[in-house]
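Notes to accompany the following structure.
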Amino acid sequence: SINAEYMGDQPWRGRLWALVINLRRRPDRLASAAAAFKRSGVQVVRAHGVDASEGEVVDLSDVTRVSRGEPGLPGYKEGAVMSDGERGCAMAHVLVWRRLRDADLDFGLVMEDDLRPDDDQFAEHSRELMRRVPADWDMLYVDFKHELPGHAVNGRSDLLRGQFVWYTGGYFVSRKGVRKLLRHLPVDKPVDQFLATLEYHGILNAYTPTTPFARQSTSLTSDIVHTNRSRLYTNPACVVS
């Protein structure tokens, strides 16, 4: 279980922890993320990154091969076939959602192993954000880009409701958010686009602060190319070779 793997016999109530998606063959990246977030008051728990090059049998049945985007929405490309990297990344997130469901926690913090905090106050920033977010929240991003304009919440200038949010480097997801995500499988487009489309249709209630307080490292890159956006995907923790 998450609790046993994370804390053993020690009490863990009140402590902020994160499931970090990481390949078995890249313990260096996990160690780097763990050190960075420990300074910021966060305990890291490894979550399995999907990587066929490890020789494992990879079940991608919950991720389609063809990307089913919607005309008129950001990232749409008719007839796009998702790359192995995109499918592996999506499956890694699905496995984390299932793990959170099985643990039946109020919420979980999910990260990819190239996410780094902006400063040593990540835990405090997170707790303050959780105090401000409306009760209907499903997703709460710490690293993000609003592809469509976000909306101020109850006149606040420090919290936005997302209409179409990119990036899956770091996010909180609530118990009911996990259930919604699993109900809407399979993932039929790159995972950040999948989440953003659910947000656009009002299925997933997503919120962000006005600016990120953690970001994916620009020094950790791979050659996995998105099929629907002309940029490199920067996280090899989500790779199918």
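The values are calculated or read from the model by the stated rules, or taken from the named source; none is laboratory data. Computed from a predicted model, the values in this text were never measured in an experiment. Cβ coordinates were reconstructed from backbone atoms using ideal geometry, including for glycine residues, and neighbour counts include every protein chain displayed. To get the accessible areas, we keep the full protein, side chains included, count just its heavy atoms, and leave off ligands, DNA and RNA. Shrake-Rupley method; radii C 1.70, N 1.55, O 1.52, S 1.80 Å.
Computed with a 1.4 Å probe on the full set of protein chains, the accessible area for LYS77 sits at about 110 Å².
In what sequence, largest accessible area first, do MET139, MET130 appear using a 1.4 Å probe? Display every interim value, and only then the final one.
Numbers: MET139 0, MET130 50 Å².
Order by accessible area, largest first: MET130, MET139.
The residues ILE21, ILE203, sorted by heavy-atom accessible surface at 1.4 Å with ligands and nucleic acids left out, run ILE203, ILE21 from largest to smallest.
More than 19 Å apart: what percent of Cα pairs in region 102-232 qualify? Working shown, then result.
Values: 4158 of 8515 pairs.
Summing the P(r) of region 102-232 above 19 Å gives 49 percent of all pairs.
Largest accessible area first, the listed residues GLU128, GLU78 line up as GLU78, GLU128 when surface is computed with a 1.4 Å probe on the assembled protein chains.
Whole number in Å², please: accessible area per residue of region 122-188, 1.4 Å probe, ligands, DNA and RNA not counted. Don't skip to the answer; put the middle values down first.
Numbers: 2820 Å² over 67 residues.
Accessible area per residue: 42 Å².
Computed from the C-beta positions of SER32 and GLU124, the FRET efficiency with R₀ = 30 Å rounds to 0.85.
Amide H contacts under 5 Å for TRP17: GLN43, restricted to partners 5 or more places along the chain or on a different chain, H placed in the peptide plane at 1.01 Å from N.
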